[in-house]
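To start, the structure itself, in structure tokens.
The values are calculated or read from the model by the stated rules, or taken from the named source; none is laboratory data. Here the structure is a predicted model, which means the values were calculated and not measured. Neighbour counts are summed over all protein chains in view; Cβ atoms, including those assigned to glycine, are modelled from backbone coordinates with ideal geometry. What goes into the accessible areas is simple: the full protein's heavy atoms, side chains included, and nothing from ligands, DNA or RNA. Shrake-Rupley method; radii C 1.70, N 1.55, O 1.52, S 1.80 Å.
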Amino acid sequence: MKNVVVIGGGIIGLSSAFYLQQSGCKVTVIDKDNFENNCSYGNAGYVCPSHFIPLAAPGIIWQGFKWMFNSKSPFYVKPSLNKNLIGWGLNFAKSATNKNVIKSAIPLRDISLLSQHEFEEWSKIPDFNFAYEHKGMLEVFQTEKVAEHAHHTVEKAKELGLDVSLLNYEELQALESQTKINAIGAIKFDCDAHVYPDKLMDGLKKLLIANGVEFKYGETVQSFEKSNGAVTKVITKENAYPADDVVIATGSWSKEIAELAGAKISLMPGRGYSLTLEDSDYKLNHPMILAEGRVAITPMDGNKIRFGGTMEVVPTTAKPQYERINGVLNAVKDFLPEFQIEKPAEKDIWYGYRPCSADGLPYIGKIKKYKNVVVATGHSMMGLSLGPGTGKLVSEIINEVPTSIEIKAFEVERF
């Protein structure tokens with residue numbers, strides 16, 4: 001029986017633990033916190049094959065410069081002479097091309113569809129209810145410029161075999177008849193689904209514990225013991241864990257942990273914010289992206305609605321800028337004028353760090369220096385969506401069986 005140590009208790013780490021345990025491995029999961037303070041909890045809950053365009057796309061850099069000094073803007077890079085940021089920024093700039101968008105579409109589609117299939121399998125597991133709903137998603141737009149881009153997106157999505165259509169204003173409003181929408185149309189991605197992240201994470205944790213996976217709370221990995229081209233132990237301040245294989249799935253902290261094993265990955269944290277109305281008077285039938293506002297809205301688990309957005313490329317030590325939630329709320333009021341939501345107290349604003357690769361594709365695979373170390377990170381805003389698919393791939397890599405999809409595009413040390 002293989003003894004696998006998974007470092008990281010977010011959706012990628014727990015999904016990896018799930019498939020490894022199912023394959024007959026003995027699994028220990030180590031987390032620097034309490035398995036709850038991570039980005040897998042506060043996100044929009046999308047399971048979204050629609051997201052086949054990577055973060056590194058043409059125009060994003062110029063747009064970032066324009067937004068840099070606006071505290072309510074949806075995208076922000078904190079200027080710094082930090083060498084990690086400079087290296088990542090140069091790689092990001094090189095990747096923000098049409099060529100990158102074209103070559104990324106199929107790998108992103110394939111891992112998204114794999115992951116969605118696994119979510120559907122999970123939803124059949126007894127006593128594992130995470131409010132999975134396959135209702136589609138609306139990407140709503142207000143301007144002719146974005147409408148033109150939407151036409152191209154729909155064409156490309158259809159080429160990729162995704163179930164998608166373009167709606168005019170009347171068709172959009174008919175789908176959401178209980179609230180006025182200030183827009184001219186929308187893309188309807190029938191291929192998309194959503195979950196309630198809090199329920200997903202709590203339920204997955206319980207399922208893993210019931211199946212014998214060990215959880216180690218509040219331990220930070222400090223080093224690795226190595227021998228004969230392999231990592232043999234994972235060392236924390238408190239303990240040393242023998243390992244036949246190691247999975248590094250520590251989200252925005254993965255760069256530092258991978259460096260302990262001699263691997264360099266181009267990664268920066270992208271901080272996002274969200275707020276959740278627990279028992280909302282406002283109603284939406286479908287998850288919705290407000291295109292020009294870059295805001296995600298998800299009705300989930302009954303009467304809850306979650307609003308999320310912004311991408312701040314900042315170190316994990318940077319102080320949160322809670323005023324950024326104003327940009328989210330302003331966009332909501334602009335698109336949904338009946339949604340009059342006041343800025344909540346800071347304690348009610350969630351924030352978390354998404355691990356952003358330099359080209360918008362995740363890093364999934366073995367590192368070069370040690371034969372038994374697998375990295376799974378860099379999913380940007382799609383960590384939850386790609387969690388089960390990534391976990392399945394990690395298990396296949398460790399068990400040395402053919403992977404469910406081609407993974408060359410996700411090579412860990414590609415920069």
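Restricting to region 281-300, count the residues that are within 13 Å of TYR46 (Cα to Cα) and assigned to a loop (DSSP other than H, G, I, E, B).
2
Here's a check for you: in region 26-54, which residue that is in contact with a Ser or Thr (Cβ under 8 Å, 6 or more places away or on another chain) and over 27 Å from ILE297 (Cα atoms) is surrounded by the most Cβ atoms within 10 Å (Cβ to Cβ)?
Here the answer is ILE30.
Looking only at residues that are among the charged types (D, E, K, R) and out of contact with any Phe, Trp or Tyr (no Cβ under 7 Å at 6 or more places or on another chain) in region 14-51, which one is modelled with the highest pLDDT?
Top of the filtered list is LYS26.
Results for (1) among the small types (Gly, Ala, Ser); (2) more than 24 Å from PRO54 (Cα to Cα), shown as yes or no for each residue.
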{"residue": "LEU275", "(1), (2)": "no, yes"}
{"residue": "HIS286", "(1), (2)": "no, no"}
{"residue": "GLY302", "(1), (2)": "yes, yes"}
{"residue": "ASP348", "(1), (2)": "no, yes"}
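Considering (1) open to solvent by 80 Å² or more (accessible area, probe 1.4 Å); (2) touching a residue at least 24 places away in the same chain (Cβ under 8 Å), say which one ILE102 fails and leave the rest.
Result: ILE102 fails condition (2) only.
With the condition kept exactly as written, say whether any residue in region 249-258 is in contact with a Ser or Thr (Cβ under 9 Å, 6 or more places away or on another chain) and in a strand (DSSP E or B).
No.
Quick one: is ILE125 closer than 30 Å to LYS264 by Cβ, of a type in the set (A, V, I, L, M, F, W, C) and either more than 20 Å from the chain's Cα centre (by Cα) or part of a helix (DSSP H, G or I) (or both)?
no
Might you check whether a residue that is among the basic types (Lys, Arg), open to solvent by 60 Å² or more (accessible area, probe 1.4 Å), closer than 16 Å to GLY45 by Cβ and part of a helix (DSSP H, G or I) occurs anywhere in region 154-162?
Scanning region 154-162, I find no residue that is among the basic types (Lys, Arg), open to solvent by 60 Å² or more (accessible area, probe 1.4 Å), closer than 16 Å to GLY45 by Cβ and part of a helix (DSSP H, G or I), so the answer is no.
Quick check: anything in region 208-222 in a loop (DSSP other than H, G, I, E, B), within 30 Å of ASN303 (Cα to Cα), modelled with pLDDT of 95 or more and over 24 Å from the mean Cα position of the chain (by Cα)? So that I can check it myself, show each step before the final result.
From region 208-222, those in a loop (DSSP other than H, G, I, E, B) are 211-213, 217-220; that's our starting set.
Imposing the further condition that a residue be within 30 Å of ASN303 (Cα to Cα) reduces the set to none.
Scanning region 208-222 turns up no residue that is in a loop (DSSP other than H, G, I, E, B), within 30 Å of ASN303 (Cα to Cα), modelled with pLDDT of 95 or more and over 24 Å from the mean Cα position of the chain (by Cα).
Are any residues in region 333-349 touching a Leu at 6+ places or on another chain (Cβ under 7 Å) and either open to solvent by 10 Å² or more (accessible area, probe 1.4 Å) or under 19 Å from TYR76 (Cα atoms) (or both), and if so, which ones?
Within region 333-349, ILE341, LYS343, PRO344, ASP348, ILE349 qualify.
Looking at region 231-245, I want the residues that are closer than 13 Å to LYS2 by Cβ and have a partner that is part of a loop (DSSP other than H, G, I, E, B) and open to solvent by less than 70 Å² (accessible area, probe 1.4 Å) with Cβ atoms under 7 Å, at least 6 apart or on another chain. Which pairs are those?
Going by the 7 Å Cβ cut-off, the qualifying pairs are ASP244/ASN372; ASP245/ASN372.
Could you identify the single residue in GLY391, GLY360, GLY365, GLY387 that is touching a helix residue (DSSP H, G or I) at 6+ places or on another chain (Cβ under 7 Å) and without any contact (Cβ under 8 Å) to a residue 60 or more places away in the chain?
From the options GLY391, GLY360, GLY365, GLY387, the qualifying one is GLY365.
Just to be sure before I move on: is GLY383 closer than 18 Å to TRP88 by Cα, touching a strand residue (DSSP E or B) at 6+ places or on another chain (Cβ under 9 Å), buried (at least 16 other Cβ atoms within 10 Å of the Cβ) and small (Gly, Ala, Ser) in the structure I sent?
Here the answer is no, as GLY383 does not meet what is asked.
Of all residues in region 392-406, how many are over 15 Å from LEU108 (Cα atoms) and open to solvent by 60 Å² or more (accessible area, probe 1.4 Å)?
Of the residues in that region, 3 qualify.
Considering each of ALA296, ALA291 in turn, give the residue that is crowded, with 18+ Cβ neighbours inside 10 Å, over 20 Å from ILE349 (Cβ atoms) and in contact with a strand residue (DSSP E or B) (Cβ under 7 Å, 6 or more places away or on another chain).
After applying the criteria, what remains is ALA291.
For a quick check of your reading of the model, give me the residue pairs whose first member lies in region 117-139 and is within 16 Å of SER15 (Cα to Cα), whose second is outside any loop (DSSP other than H, G, I, E, B) and open to solvent by 80 Å² or more (accessible area, probe 1.4 Å), with beta-carbon atoms closer than 9 Å and at least 6 apart or on different chains.
Cβ pairs passing all conditions: PHE128/LYS206.
Output the residue which, of all residues in region 132-158 that are of a type in the set (A, V, I, L, M) and in contact with a His (Cβ under 8 Å, 6 or more places away or on another chain), is nearest to MET300 (Cα to Cα).
MET137
Scan region 148-198 residue by residue and report those that are basic (Lys, Arg) and either within 19 Å of LYS283 (Cβ to Cβ) or in contact (Cβ under 8 Å) with a residue 60 or more places away in the chain (or both).
LYS156, LYS180, LYS188
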